[in-house]
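Novice: Supplied in structure tokens, the structure appears directly below.
Nothing in this text is a laboratory measurement; each read-out follows from the coordinates by a stated rule. Remember, it's a predicted structure, so these values are computed and weren't measured experimentally. In this analysis, Cβ positions are derived from the backbone assuming ideal geometry, glycine residues included, and neighbour counts consider all displayed protein chains.
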Amino acid sequence: MKLTFLGTGAAEGIPSPFCDCSTCEHARVHGGRNIRKRQSVLINDHLLVDLGPDIFASCAQLGISLCQVDRLLVTHSHSDHFDPSNLMLRAKTFRLETELPEMTVVAGPSVWTIWDASGGSDQQAGIKRVPILPGRAVQLGAYSVRSFAATHHSRIGDAMNYVIQDETATLLYASDSGVYAEEIWRELEVQRVELDAVVLEGTIWTRPPGKEHLNEGDFQLMLERLREIGAVTDSTVVIATHFSHQGSAPYEELAQRVKKLGGVCAYDGFEVSFGRE
Ligand SMILES: [Zn+2]
Ligand SMILES: [Zn+2]
Ligand SMILES: [Zn+2]
């Protein structure tokens, strides 16, 4: 399984255009891996997780086309994870010379409510709608996908993390996650999830613990719990991502701190492969 990180920032991105905090100022001066666009991750070049507002900039910068993407998983309806205008770009009128495969879109109720309210048409966008709730499973071609309730966007209640499995690997995509509720740990244990990789949010890394996002300590706690239930082992690839300028640090410093916990710090354009060939 191959992952390509199109963006690795939280809601405002780094640098936020309306912020002069030290992280944003550092990113403006030093650029490179300190710049973080809003998060989307491409799996094996044809399954996209989240469709945020920076899809255009990410793809333009990385030289990536999404023409072959025929599956989209949306974690939740926060605007950094689902921007309906980017789904509308698939309409025929915006790509007269291009034929696209139908795109199966798996998302929770609040995402569909936003899509419908924005005037989006499934037919025009060439999508097949698959509503999902936390605690369900869906087969997407070669991918078995299971959804788990995240401790996130609790006012709405349908934010999800996904365990995504194909014939080569099993991945937990946990952004945005918060610290899981006890019933989620039991569910993961019952499912006997064994992970080749975990993508875990580090949104408020340098800040005190939060209710709906992970700081450094809670990131470590999540990993420890995943180890306890056998989901994470020494061979699991651990990737930290989704950093907020308000809980972040320069890339080099973050990368060191994530490394101490046995993980790698993602950056925009980061590619990683794991599992069997
Ligand atoms: Zn987010
Ligand atoms: Zn800032
Ligand atoms: Zn969110």
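Novice: Run the numbers for Val264 and Glu189: contour at 0.36 nm per residue of separation, minus the present Cα-Cα distance, in nm.
Specialist: Contour length minus the Cα-Cα distance gives 24.5 nm.
Novice: Just to confirm a number: summing +1 for Lys and Arg and -1 for Asp and Glu over residues other than Asn44 whose beta-carbon lies under 14 angstrom from that of Asn44, what do you get?
Specialist: Result for the local shell: -4.
Novice: Net charge near Ala149, counting Lys/Arg +1 and Asp/Glu -1 over other residues with Cβ under 10 Å of its Cβ?
Specialist: In short, -3.
Novice: Right, next: How big is the Cα convex hull of the chain in projection, averaged over all directions, in nm²?
Specialist: 14.0 nm²
Novice: Considering only DSSP beta bridges whose two residues both sit in the chain, what percent are antiparallel, to the nearest 5?
Specialist: 50 percent
Novice: For Lys92, go through the lysines and keep the ones whose alpha-carbon is under 30 Å away, minus same-chain ones fewer than eight residues off.
Specialist: Those lysines meeting the cut-off are Lys2, Lys37, Lys128.
Novice: Can you tell me the length gained on complete extension of the stretch Leu96 to Ser118, counting 0.36 nm per residue apart and subtracting the Cα distance?
Specialist: Length gained between Leu96 and Ser118: 5.6 nm.
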